[in-house]
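Asks: I'd like to ask you about the structure that follows.
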Amino acid sequence: MIHSRSLAALVLLSAVAGPLRAQQLPADLVVTNGRIYTVDGARTVVDAMAIRAGRVVFVGDRAGARALTGANTRTLDLQGRTVIPGMTDAHAHVTGLGQSLLNVDLVGTTSYEQVIAKVVERARTTPKGEWIIGRGWDQNDWGDTRWPTHEALSRAVPDHPVYLERVDGHAGLVNALALQKAGVTKATPNPGGGSIERDAQGNPAGVFVDNAQDLIGRAIPAQTRAQVKNAIKLAITEMHRWGLTGVHDAGASAQVLGLYEELGREGALDIRMYAMISDDASTIEAWFKRGPQSGLFDGMLWVRSVKLYQDGALGSRGAALLEPYSDNAATTGLLVSAPEHIKEVATRALRAGFQVNTHAIGDRGNRLVLDSYEAALKAVPTADHRFRVEHAQILNYDDIPRFAQLGVIPSMQASHQTSDMYWAANRLGENRLRGAYAWRSLLESGVVVPNGSDFPVEYVDPLISFKSAVTRQDARGWPAGGWYPEQRMTRDEGLKSMTLWPAYAAFQESELGSLAAGKRADFVVLDMDIMRAPDAVLQDARVVSTWVGGRVVYERK
Ligand SMILES: [Zn+2]
């Protein structure tokens, strides 16, 4: 790791030996009078910085920055405001977000009646026969936490096929017309890795879990390419609003990857896009042949990783556990992919120079992924693979040190902890909770823990995950002292988890993740000093402006 002192020495050396004039060229932008958290080892807080050609050229005091002011230099006086490096969501679903901005938003609904009312409202403005898609319901937030059944929805919305995805995307609720359009009946068997909830007679009851969702999904007409492109653009604009300058897209199809390249060529991809290739054989094959792509379109697009799925999610009891669920002894969850598949793709990825990022939530799911990675690394020893486990949510205590031993990065979403804490004990029992959302234990084992939101599963705002990481409390400060508070991150760690650690998890740490001379000038101005404000007010922090490569992409009105 290069500390900024040695970097400064390098800059000085090249200034003396090389083009002296280049060092004295005026900056495009000088930022002064701020409280700038650099996330850089040597100079952690400075009050000024200078930017030229999209990169930071100076961080330090006001006088030093002012010395780089020329006739055409723009000055940004922060009036004491706080600056942090641009935030990166290390696990999110970009087109999912764009679509959710167009679909019926069910996040935060507190009853089935409320869900139905929102669908009825949308049906009024939607031509009959056209699909209505919604997302974000969570029966754990309703008075009755059993799966909903379709009858009430079918009565209220008889003329539109309806598909409503659960908040975690691992289950979906349909109405009668959707069942009819999909041709799913009592006779339809459960697919592998999925289940159709059924009534006492064996008829589909309305909810489809994990792989069974495909039975409905294939009946929904595909969006046009133009619609998908529009959804991506909407998502980028939304991310800027919340201070995100980068995102790791956890599963991009061939079409989406093509659109990222198209947007890049058009100069419209103004977010650092680290796209993981979806688990589709021909797409993976094509990109492995092309080889890892880093920093395309002047540092906007990276395609050098694959997204795989080992198991399902905790809320829908799809997470694969070593022991049965505490609130349903009949099940230990399910596997979405065979472990052999993870091992096989991981082995080929190592040969092709790609990273593998596998979704694993349950303790069994996580163990299986670590086993597969271990076998692949034995077959193709690789020093700097940075393989990741996405979520790494429930770990058997014995498996925690294996991340550091294998060099595997646990990519975790702090806001999942504060969303799940109300019911996680029911699913898992107190004993298993000690290895759940255990980011302190992982940090101490010697790994970094990049943070994310998994949006649209959770809200886009990365400061929600920051607050969860450092307090393990919800917005109302519950529970007092924090949920398993020994697992909290410090503020410094929380900030790194949204900046430098996602950069590391994407092989970008020499370009992104901190504000230091030579790095890309991605930063966020905040209206609160989140490093010093009391826990209780953290959720009130708002983004004032967002900057990508020294260019403003969002400004609060
Ligand atoms: Zn996800």
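Asks: Taking residue 253 as meeting all but one of (1) of a type in the set (Ser, Thr, Tyr); (2) touching a strand residue (DSSP E or B) at 6+ places or on another chain (Cβ under 6 Å); (3) under 25 Å from residue 308 (Cβ atoms), write down the number of the exception.
Replies: Condition (2) is where residue 253 drops out.
Asks: When you go through (1) assigned to a helix (DSSP H, G or I); (2) at pLDDT 95 or above one by one for residue 205, which number turns out not to apply?
Replies: Condition (1) is where residue 205 drops out.
Asks: Yes or no: residue 456 at pLDDT below 95, surrounded by 22 or more Cβ atoms within 10 Å (Cβ to Cβ), within 19 Å of residue 249 (Cβ to Cβ) and within 16 Å of the ligand (Cβ to nearest atom)?
Replies: So residue 456 passes the test.
Asks: In the stretch 481-506, which residues are among the polar types (S, T, N, Q) and more than 20 Å from the chain's Cα centre (by Cα)?
Replies: Of everything in the stretch 481-506, those that are among the polar types (S, T, N, Q) and more than 20 Å from the chain's Cα centre (by Cα) turn out to be 487, 490.
Asks: Could you grab me the full set of residues in the stretch 385-398 that are under 23 Å from the mean Cα position of the chain (by Cα) and either away from the ligand (no atom under 16 Å from the Cβ) or part of a strand (DSSP E or B) (or both)?
Replies: Correct list: 385, 386, 387, 388, 389, 390, 391, 394, 395.
Asks: Of these, 372, 415, 411, which one is in a strand (DSSP E or B) and either among the polar types (S, T, N, Q) or surrounded by 24 or more Cβ atoms within 10 Å (Cβ to Cβ) (or both)?
Replies: The unique qualifying residue is 411.
Asks: Here's another thing I want to ask about it. For the stretch 429-532, please list each of the helices (runs of 4 or more DSSP H) lying entirely inside it that holds at least 2 residues being of a type in the set (Ser, Thr, Tyr) and within 28 Å of residue 321 (Cα to Cα).
Replies: In the stretch 429-532, 439-445, 462-471 are the helices (runs of 4 or more DSSP H) which contain 2 or more residues that are of a type in the set (Ser, Thr, Tyr) and within 28 Å of residue 321 (Cα to Cα).
Asks: Let me ask another. What are the residues in the stretch 245-272 that are within 16 Å of the ligand (Cβ to nearest atom) and among the hydrophobic types (A, V, I, L, M, F, W, C), if any?
Replies: Of everything in the stretch 245-272, those that are within 16 Å of the ligand (Cβ to nearest atom) and among the hydrophobic types (A, V, I, L, M, F, W, C) turn out to be 247, 250, 252, 256.
Asks: Just to check your reading of the model, which residue among 143, 129, 96 is within 16 Å of the ligand (Cβ to nearest atom) and of a type in the set (Gly, Ala, Ser)?
Replies: Result of the check over 143, 129, 96: 96.
Asks: Another question, then. Being without any contact (Cβ under 8 Å) to a residue 60 or more places away in the chain, aromatic (Phe, Trp, Tyr) and away from the ligand (no atom under 16 Å from the Cβ) narrows it down to one residue among 288, 297, 354; which is it?
Replies: 297
Asks: Does the stretch 174-189 include one or more residues that are in a strand (DSSP E or B), surrounded by 15 or more Cβ atoms within 10 Å (Cβ to Cβ), of a type outside the set (Phe, Trp, Tyr) and touching a helix residue (DSSP H, G or I) at 6+ places or on another chain (Cβ under 7 Å)?
Replies: Yes: one or more hits.
Asks: Additional query: Condition (residue is in contact (Cβ under 8 Å) with a residue 40 or more places away in the chain, hydrophobic (A, V, I, L, M, F, W, C) and surrounded by fewer than 18 Cβ atoms within 10 Å (Cβ to Cβ)) applied to the stretch 145-154: is it met by at least one residue?
Replies: yes
Asks: Mind checking whether some residue in the stretch 237-244 is within 16 Å of the ligand (Cβ to nearest atom), acidic (Asp, Glu), under 19 Å from the mean Cα position of the chain (by Cα) and under 24 Å from residue 305 (Cβ atoms)?
Replies: The answer is no; no qualifying residue exists.
Asks: Tell me the strands (runs of 3 or more DSSP E) entirely within the stretch 238-328 that contain at least 2 residues that are farther than 22 Å from residue 549 by Cβ and at pLDDT 95 or above.
Replies: The qualifying strands (runs of 3 or more DSSP E) are 244-252, 272-277, 301-309.
Asks: Report, ordered by the first and then the second residue, all pairs with beta carbons closer than 6 Å, sequence separation of six or more or different chains, a first member in the stretch 246-265 that is farther than 14 Å from residue 299 by Cβ, and a second member that is in a helix (DSSP H, G or I) and polar (S, T, N, Q).
Replies: These pairs meet every condition: 254/283; 256/95.
Asks: Separate question: I'm told residue 101 meets every condition in (1) within 16 Å of the ligand (Cβ to nearest atom); (2) modelled with pLDDT under 90; (3) aliphatic (A, V, I, L, M); (4) under 30 Å from residue 549 (Cβ atoms) except one. Can you identify the failing condition by its number?
Replies: Of (1) within 16 Å of the ligand (Cβ to nearest atom); (2) modelled with pLDDT under 90; (3) aliphatic (A, V, I, L, M); (4) under 30 Å from residue 549 (Cβ atoms), only one is false for residue 101: (1).
Asks: Residue check, residue 506 against (1) within 16 Å of the ligand (Cβ to nearest atom); (2) farther than 29 Å from residue 105 by Cα; (3) surrounded by fewer than 24 Cβ atoms within 10 Å (Cβ to Cβ), all met but one. Which one?
Replies: So residue 506 meets the others, but not (3).
Here's the yes/no breakdown for (1) of a type outside the set (Ser, Thr, Tyr); (2) at positive phi:
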{"site": "154", "(1), (2)": "no, no"}
{"site": "165", "(1), (2)": "yes, no"}
{"site": "193", "(1), (2)": "yes, yes"}
{"site": "219", "(1), (2)": "yes, no"}
{"site": "227", "(1), (2)": "yes, no"}
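Asks: Quick one: would you say residue 439 is over 30 Å from residue 104 (Cα atoms) and either surrounded by fewer than 21 Cβ atoms within 10 Å (Cβ to Cβ) or more than 16 Å from the ligand (Cβ to nearest atom) (or both)?
Replies: yes
Asks: If residue 366 passes every condition in (1) in a helix (DSSP H, G or I); (2) away from the ligand (no atom under 16 Å from the Cβ); (3) out of contact with any Gly (no Cβ under 8 Å at 6 or more places or on another chain) but one, which one does it miss?
Replies: (2)
Asks: I've got another one for you. Would you mind stating whether residue 336 is within 16 Å of the ligand (Cβ to nearest atom), crowded, with 21+ Cβ neighbours inside 10 Å and more than 30 Å from residue 429 (Cα to Cα)?
Replies: Spelling it out, it is not the case that residue 336 is within 16 Å of the ligand (Cβ to nearest atom), crowded, with 21+ Cβ neighbours inside 10 Å and more than 30 Å from residue 429 (Cα to Cα).
Asks: So which residues in the stretch 299-318 are among the hydrophobic types (A, V, I, L, M, F, W, C) and more than 18 Å from residue 437 (Cα to Cα)?
Replies: Scanning the stretch 299-318 gives 300, 301, 302, 303, 306, 308.
Asks: Among (1) out of contact with any strand residue (DSSP E or B) (no Cβ under 8 Å at 6 or more places or on another chain); (2) in a loop (DSSP other than H, G, I, E, B), there is one condition residue 97 misses while meeting the rest; what is its number?
Replies: For residue 97, the exception is condition (2).
The values are calculated or read from the model by the stated rules, or taken from the named source; none is laboratory data. Quick caveat: nothing in here was measured; it's all calculated off a predicted structure. When we count neighbours, we look across all protein chains shown, and the Cβ atoms used for this are built from the backbone with ideal geometry, even at glycine.
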